[in-house]
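Q: Right, I'll just put the structure down here and ask away after.
Bear in mind that the values in this text are calculations on the coordinates, not laboratory data. Nothing here was measured: the structure is a model prediction, and the numbers come from that model. Cβ coordinates were reconstructed from backbone atoms using ideal geometry, including for glycine residues, and neighbour counts include every protein chain displayed.
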Amino acid sequence: MAFETENDGLPPKVKLAAIIVIVLAVSAVIWQFTAGNGTPAPTGPVVPGAKEQPVAEAPQKPAFDLVRIARGGTGVIAGRVAPNAHVTLYANDVKIAEVDADAQGEWVIVLEQPLEAGSVSLNLKSHDPATGTVAEADDVVVVSVPEPDDRSFAERDESGVVAVLSPKSGEGGSRLLQKPGTASIAEVGDSLSVDALDYGDGGSPVISGRALPRVDVRVYVDDEFIGVTRVKDDGTWSVTAANTIGGGRHTIRVDQTIGKDGTVQLRIEQPVEAGLPLDPRQAAGGVIVQPGNTLWHIARQLYGSGVRYTMIFKENSEVIRDPDLIYPGQMFRLPEGERG
């Protein structure tokens with residue numbers, strides 16, 4: 001049986017192509033207005049290469065990672081926050097220190113003002129210059145500092161410092177950050193040392209030692225810069241030299257620096273001889289005087305009590321003529337023999 005159709009003058013293949021185009025156009029209009037979920041889809045122009053804007057993240061709050069407080073109230077506190085944010089530390093709601101975090105959001109504070117004896121509540125606030133947001137830590141650290149006694153320096157005993165991290169919300173458990181007898185440092189002034197010079201499988205010298213957690217240490221051999229590293233949370237550090245160290249006697253120098261400006265706080269020089277173990281008794285070093293320092297300030301920062309300035313004065317009597325007259329750049333030896 002033959003079917004008759006109206007003769008429009010178009011070949012059958014052309015008719016089929018036209019029908020397909022119409023169907024595709026109608027389908028595109030339907031998809032545009034449904035957008036797959038029953039709501040109108042955006043109809044604005046499409047910019048080639050344009051990327052969807054990411055959803056803004058909540059501001060990163062400051063947080064405690066590490067608290068190491070000596071019996072005298074000095075110590076180091078470190079944590080994390082938004083990169084380059086400004087961090088302020090409060091003790092019993094009184095501002096006692098502030099610092100800028102680095103590009104990774106890490107920060108470290110060496111206490112200029114020792115914590116008072118008794119129970120001290122530590123809190124953090126931050127300001128992010130990139131977004132202008134202000135944030136406060138979710139946790140508080142409660143530190144119990146023993147009353148001062150007749151000890152010249154800190155001793156790691158059962159009546160030492162206790163530090164506990166607790167959520168402000170009251171939800172969740174507390175975490176012990178420091179307990180008596182386990183602090184990695186006794187006093188800030190005792191923190192810097194060179195412990196070993198080793199040679200790895202490839203013969204590259206590895207210099208290692210101890211310092212305050214999360215500060216930077218710069219290492220030199222015979223006054224030639226070897227490298228810089230960030231101290232680990234357990235107070236240890238190591239630097240691998242690019243070149244070998246020849247035979248004979250050499251001097252390893254380590255500068256402990258704090259903050260973005262790289263201010264040198266402590267320095268130690270350790271004589272070494274290739275192939276022989278280190279002799280810590282030959283180490284010499286001390287504190288570098290900064291502008292505005294006084295002996296009282298140095299003793300208070302390093303040992304938790306300003307009255308101990310007399311010990312530093314006695315140890316350096318040949319270079320300190322008047323305890324009220326010290327100068328930036330001077331290096332004072334720290335007292336030996338009485339440290340715990």
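Q: I'd like to compare 165-175, 225-235: which one has the highest average count of other Cβ atoms within 10 Å, and what's the full order after that?
A: Highest to lowest by the protection proxy: 225-235, 165-175.
Q: Would you mind classifying the stretch 289-340 by shape? Square roots of the alpha carbon gyration tensor eigenvalues, ordered a ≥ b ≥ c; an a/c under 1.5 is rounded, otherwise it is prolate if a/b is larger than b/c and oblate if not.
A: oblate
Q: Still on this structure, please answer the following. What does the stretch 239-340 give for Rg and for Dmax, in Å, if only its C-alpha atoms count?
A: 15.9, 45
Q: Moving to a separate point now. Using each residue's phi in the stretch 138-147, evaluate 6.51 cos²θ - 1.76 cosθ + 1.60 at θ = phi - 60° and report the 3J(HN,Hα) Karplus result to the nearest Hz, with x for Gly and Pro.
A: Running phi through 6.51 cos²θ - 1.76 cosθ + 1.60 with θ = phi - 60° gives 7, 10, 10, 10, 9, 10, 9, 9, x, 5 Hz.
Q: May I pose another question? So what's the net charge close to Thr88: Lys and Arg +1, Asp and Glu -1, counting the other residues with Cβ under 14 Å from its Cβ?
A: Net of charged neighbours comes to -3.
Q: Going by a ≥ b ≥ c, the root eigenvalues of the Cα gyration tensor, does the stretch 63-178 fall in the rounded group (a/c under 1.5), the prolate group (a/b larger than b/c) or the oblate group?
A: In terms of gyration-tensor shape, prolate.
Q: Please compute the alpha carbon radius of gyration of the stretch 187-285, then divide it by the globular-protein estimate 2.2 N^0.38 Å. Two decimals is fine.
A: That ratio works out to 1.01.
Q: Using each residue's phi in the stretch 90-99, evaluate 6.51 cos²θ - 1.76 cosθ + 1.60 at θ = phi - 60° and report the 3J(HN,Hα) Karplus result to the nearest Hz, with x for Gly and Pro.
A: So the Karplus estimates, Gly and Pro as x, are 10, 10, 6, 6, 10, 5, 10, 6, 8, 7 Hz.
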